[in-house]
1. Sort out which residues of region 95-109 are in a helix (DSSP H, G or I) and touching a strand residue (DSSP E or B) at 6+ places or on another chain (Cβ under 7 Å), and write them in order of number.
2. Which residue, of Ile150, Ile145, is within 27 Å of Ala43 (Cα to Cα), at pLDDT 95 or above, hydrophobic (A, V, I, L, M, F, W, C) and assigned to a loop (DSSP other than H, G, I, E, B)?
3. Run Pro135 past the list (1) surrounded by fewer than 17 Cβ atoms within 10 Å (Cβ to Cβ); (2) in contact with a helix residue (DSSP H, G or I) (Cβ under 9 Å, 6 or more places away or on another chain) and report the number of the one that doesn't hold.
4. Does Arg119 qualify as being more than 12 Å from the chain's Cα centre (by Cα) and assigned to a helix (DSSP H, G or I)?
5. Does region 67-78 include one or more residues that are assigned to a helix (DSSP H, G or I) and either under 17 Å from the mean Cα position of the chain (by Cα) or surrounded by 21 or more Cβ atoms within 10 Å (Cβ to Cβ) (or both)?
6. Checking Ala190 against (1) closer than 23 Å to Gly49 by Cα; (2) aliphatic (A, V, I, L, M); (3) in contact (Cβ under 8 Å) with a residue 12 or more places away in the chain, only one condition comes out false. Which one?
7. Collect the residues in region 16-47 that are open to solvent by 10 Å² or more (accessible area, probe 1.4 Å) and of a type outside the set (Gly, Ala, Ser), keeping them in residue-number order.
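The values are calculated or read from the model by the stated rules, or taken from the named source; none is laboratory data. From a predicted model like this one, the values you see are computed outputs, not experimental measurements. All Cβ positions, even for glycine, are placed from backbone atoms using ideal geometry, and neighbour counts span all protein chains on display. Ligands, DNA and RNA are stripped out before the accessible areas are found, and what is left, the full protein with its side chains, is counted by its heavy atoms. Shrake-Rupley method; radii C 1.70, N 1.55, O 1.52, S 1.80 Å.
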Amino acid sequence: MNEKLDILVFGAHADDAEIGMAGTIIKHTTAGLRVGICDLTYAEMSSNGTVELRKQEAAAAADVLGLSYRSNLGLPDRGLERNPEQLAAITAEIRRCAPRIVFAPYWEDRHPDHTWCSRLVEEAVFNAKLRRYMPELPPVQVEQIYYYFINDTAPASVLVDVTAQYERKVDALSCYASQFGLAPGNDAVATPLTQGYVDRVRYRDAIAGQRSLIPYAEGFVIKTPFVADMLL
């Protein structure tokens, strides 16, 4: 089934996109644009939660974000790598969704799956336009790739003011209780995500907006500059 989207966001795990750009997603879905998320893995290696619970949390977050589409390619958690099968799976998703814009994690991050996701998506975007690659699906030309931050940051090329959307971003993150909380009496273990991680995301987004006097902003990096006729 084809899903024609304006924006397609890739993450290695459910919650990656929400951490990096939930406010930006909400801003665009509220404006009537069709936005989708493709999670590459079921996060089966996560220290907390289960695959089934993570699916439920991802579905709940999708409702908060107002997504038109959410998918999971079922690639191996902690097994992402550059091989023909994984590249083909991601390329096929891009061709099915035919997005104008693609988002991927920033290419430097403490979690290896995030960096692999970034590399794979960049290559898949390139492959998606090649008419002789997987000719059973029509080629798709993506206009731009943006890279969002999860754990590590860098100077942003673009900032999006997400002040009005910020509490809904927190609501989306709150859907992932298995990852960001330690409920008494369950078998959860302490991880970097359970130790004030959502607060640190809030601080990061506040600092991103500080220079422009914006209460909250989400930052993105691009490799291909915008083309402008004039600057004023």
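1. Restricting attention to region 95-109, the residues satisfying the condition of being in a helix (DSSP H, G or I) are 95-97.
If the condition is that a residue be in a helix (DSSP H, G or I) and touching a strand residue (DSSP E or B) at 6+ places or on another chain (Cβ under 7 Å), then Cys97 is the only one that fits.
2. Ile150
3. That leaves (2) as the condition not met.
4. The answer is yes for Arg119.
5. Within region 67-78, none of the residues are assigned to a helix (DSSP H, G or I) and either under 17 Å from the mean Cα position of the chain (by Cα) or surrounded by 21 or more Cβ atoms within 10 Å (Cβ to Cβ) (or both).
6. (3) is the only condition that Ala190 fails.
7. The answer is Lys27, His28, Thr29, Thr30, Leu33, Arg34, Tyr42, Glu44, Met45.
Residue by residue, here is whether (1) surrounded by fewer than 14 Cβ atoms within 10 Å (Cβ to Cβ); (2) farther than 30 Å from Gln144 by Cα holds:
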| residue | (1), (2) |
| --- | --- |
| Ala172 | no, no |
| Phe180 | no, yes |
| Val189 | yes, yes |
| Thr194 | no, yes |
| Ile207 | yes, no |
| Thr224 | yes, no |
| Asp229 | yes, no |
